[in-house]
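Scroll down for the structure; my scribbles are underneath it.
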Amino acid sequence: SVLSGLGPLPDGFYINGAWVKPTQPCSTFPVINPATELPIHEIHMASAEDVDRAVQAARAASADWAETSPAERVGLLRRLAKEYKSRSKALADAMTLEMGAPTTMANHMQAAIGLKHIHHAADVAESFSFESAFCPPGANG
């Protein structure tokens, strides 16, 4: 499959750092290729319990995230950009299949803008003068 460049496609939801199965049997929703009108994948529809589980995990993770320094956050964003770039062709292929975007547009605009946003966030975080326990006023992380 063209989507194989993204690696194994997940079956469930990404919650608390892992792919997990839905808590109960649920319906799926087909992702349709607009060019062929054929499904390319199916995604699970979350139950209220799945959403609650995700929100609880996000709240718990936010406490740890709040303890990371600006420098650590910049490092994580740079790692994310490197991983995104390594998969940009597969991401563009998936965008073409999912949205019907021309391949050139998906490669040079749609996938590329995501990488630019990540780099921009890292650049801003690196140059912003934060006021926190990690960074006294006027110092950077």
- prompt: Dipole magnitude of the range 1-121 about its Cα centre, charges +1 at Lys/Arg Cβ and -1 at Asp/Glu Cβ only, in debye to the nearest 20?
  reply: 580 debye
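If r is the Cβ-Cβ distance from LYS89 to ALA60 and R0 is 41 Å, what FRET efficiency results, to the nearest 0.05? Write down the numbers at each step before the final one.
On the way: r = 35 Å, r/R0 = 0.85.
Once the sixth-power term is evaluated, E becomes 0.75.
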- line: Two pseudo-spin positions, 7 Å from Cα along C-beta at GLU42 and at GLN24, lie apart in nanometres by 1.9 nm
- request: Multiply the residue separation of LEU80 and VAL51 by 0.36 nm, subtract the distance between their alpha-carbon atoms, and state the gained length in nm to one decimal.
  value: 7.9 nm
statement: Longest principal axis of the chain (C-alpha) makes with the long axis of helix 48-66 (C-alpha) an angle, in degrees to the nearest 10, of 30 degrees
- prompt: If you line up the long axis of helix 88-99 against the longest principal axis of the chain, both from Cα atoms, how many degrees apart are they, to the nearest 10?
  reply: 50 degrees
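Rounded to the nearest 0.05, what FRET efficiency do ALA35 and LEU115 give with R0 = 25 Å and r taken as the Cβ-Cβ distance? Could you check?
Values: r = 25 Å, r/R0 = 0.99.
Between ALA35 and LEU115 the formula returns 0.50.
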query: Say a site is exposed when it is one of the GluC sites (Glu not before Pro), sits in a DSSP loop, and has at most 12 other Cβ atoms within 10 Å; what is then the longest site-free stretch of the chain?
result: 68-130
query: Under a no-solvent Debye model with one identical scatterer per Cα of the chain, what's log10 I(q)/I(0) at q = 0.21 Å⁻¹?
result: -1.23
- prompt: Which angle from 0 to 90°, rounded to the nearest 10, does the C-alpha axis of helix 70-86 make with the longest principal axis of the chain?
  reply: 30 degrees
- prompt: What list of ³J(HN,Hα) couplings, whole Hz, do you get for the range 108-113 from phi and the Karplus terms 6.51, -1.76, 1.60, once you set θ to phi - 60° and write x for glycine and proline?
  reply: 8, 10, 5, 6, 5, 5
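How much mean residue ellipticity at 222 nm does the chain get from its helices, if each DSSP H run of length 4 or more adds -39500 (n - 2.57) and you divide by all residues, to the nearest 500 deg cm²/dmol?
Using -39500 (n - 2.57) per qualifying helix, the result is -15500 deg cm²/dmol.
Throughout, read-outs are computed from the coordinates displayed, never taken from laboratory work. Since the model is a prediction, treat every value here as computed from it, not as a measurement. Note: ideal-geometry Cβ built from the backbone for every residue, glycine included; neighbour counts use all protein chains shown.
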